[in-house]
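Report on the following structure.
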Amino acid sequence: MKIGLACTGGGAKAAINIGAIRALKELNIEIEAISGASIGSCVALLYVLGYSPKEMLEEFKKNIKKYGKFGFFDILLAPFSLMARGGLKNPKIICKNIENLTQKHKVHLMEHIPIPFIIPSLDITKRESIYYSSVPMNEFTYYSDRPISEAIRSSSSIPVIFTPNRVSIDKKAHYMMDGGITSNTPVLPLKQFSDFVIGIEPKYYNTQEKQKIHFLSAFTETFQSMRRSSLYFQKKEADLWIEVDVQKCKVFGGSNELEYCERCGYEAVMKYAKQIYERTTVA
């Protein structure tokens, strides 16, 4: 039986994916197809490149603060950036880190990855969800002959925070946004490559009602509401959906929060160990 894992986005909270992979590894369950949205796509990439959960966590610790860091000039130029570029910051650090990884492992394009590896994004030029995929897909718009760094940059372009990723496809400009908007835990595209798909999703915020609303909180609440709405359809398609309570952690958390989220992901999956074994073991 082929097992697929859909990795969630969510900044530091995405470390729950690493914990989930560690748990599945201890249970001797091989992941044969993997997807990831937003920063969850980075976890998925590290997995297909052969990184151990411990090595994945170390990579996250090195780079998570750079991912969400805003300097003095980013803040000073914020109004201009929003008006002229559609986002506060161009996350060049994402592309640089991914290009270094892919060069090290001598892979460049999505199609160079040997197992099903899928990353969602939102093409705001065509107003449709698209997928970067290492394998041909049915029913979906997908691209296999594109750079891995482009795929992850596109899927990690959080609206307003980061600028849309401008790419050229068939000599036409396309602007790509965060894959988590429409598919934060991309279960559906894995169904055609897996017999059993596990979806991992963090609880983002406390359920307590917001007492004060300002620009940033209004944006984050709207964005997370969109994500939660899209999860309804992904959850229905999952063979097993595991929700991990990491509400107290910040999206742009530090090393301690990464370790906490990783541990929570591990413990959440281990609670389902018996069920996973019974449902995935062929007699």
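What to note about this one:
- Of all residues in the range 135-187, those satisfying the criterion of being over 25 Å from N17 (Cα atoms) and of a type in the set (K, R) are R166, K171, K172.
Per-residue answers, yes or no, for (1) in contact with a strand residue (DSSP E or B) (Cβ under 6 Å, 6 or more places away or on another chain); (2) at pLDDT below 95; (3) of a type in the set (A, V, I, L, M):
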| residue | (1), (2), (3) |
| --- | --- |
| I31 | yes, no, yes |
| L45 | no, no, yes |
| S52 | no, no, no |
| K62 | no, yes, no |
| Y67 | no, yes, no |
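- Selection count where residues are at pLDDT 60 or above and of a type in the set (S, T, N, Q), scope the range 77-120: 4
- Counting the residues of the range 1-48 that are part of a loop (DSSP other than H, G, I, E, B) and among the hydrophobic types (A, V, I, L, M, F, W, C) gives 5.
Every residue, every condition in (1) open to solvent by 20 Å² or more (accessible area, probe 1.4 Å); (2) within 17 Å of the chain's Cα centre (by Cα); (3) modelled with pLDDT under 90, yes or no:
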| site | (1), (2), (3) |
| --- | --- |
| I152 | no, yes, no |
| L190 | no, yes, no |
| K212 | yes, no, yes |
| S230 | no, yes, yes |
| Q234 | no, yes, yes |
| D239 | yes, no, no |
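- Taking the range 125-175 as the range and being touching a His at 6+ places or on another chain (Cβ under 9 Å), over 22 Å from Y47 (Cα atoms), polar (S, T, N, Q) and assigned to a loop (DSSP other than H, G, I, E, B) as the test, only T125 passes.
- Qualifying residue in the range 9-25 (condition: at pLDDT 95 or above, of a type in the set (D, E, K, R) and open to solvent by 40 Å² or more (accessible area, probe 1.4 Å)): yes
- Whenever a residue of the range 233-256 is part of a strand (DSSP E or B), its partners that are among the basic types (K, R), lying with C-beta atoms within less than 6 angstrom and at least six residues away or across chains, give the pairs W241/K235; D245/K203.
- Inclusion of M137 among residues that are farther than 22 Å from K96 by Cα, among the aliphatic types (A, V, I, L, M) and open to solvent by less than 40 Å² (accessible area, probe 1.4 Å) is warranted.
The values are calculated or read from the model by the stated rules, or taken from the named source; none is laboratory data. In this text the structure is predicted, and so the values were computed from the model without any measurement. In this analysis, Cβ positions are derived from the backbone assuming ideal geometry, glycine residues included, and neighbour counts consider all displayed protein chains. Remember, those area values only see protein heavy atoms, side chains included, never the ligands or the DNA or RNA. Shrake-Rupley method; radii C 1.70, N 1.55, O 1.52, S 1.80 Å.
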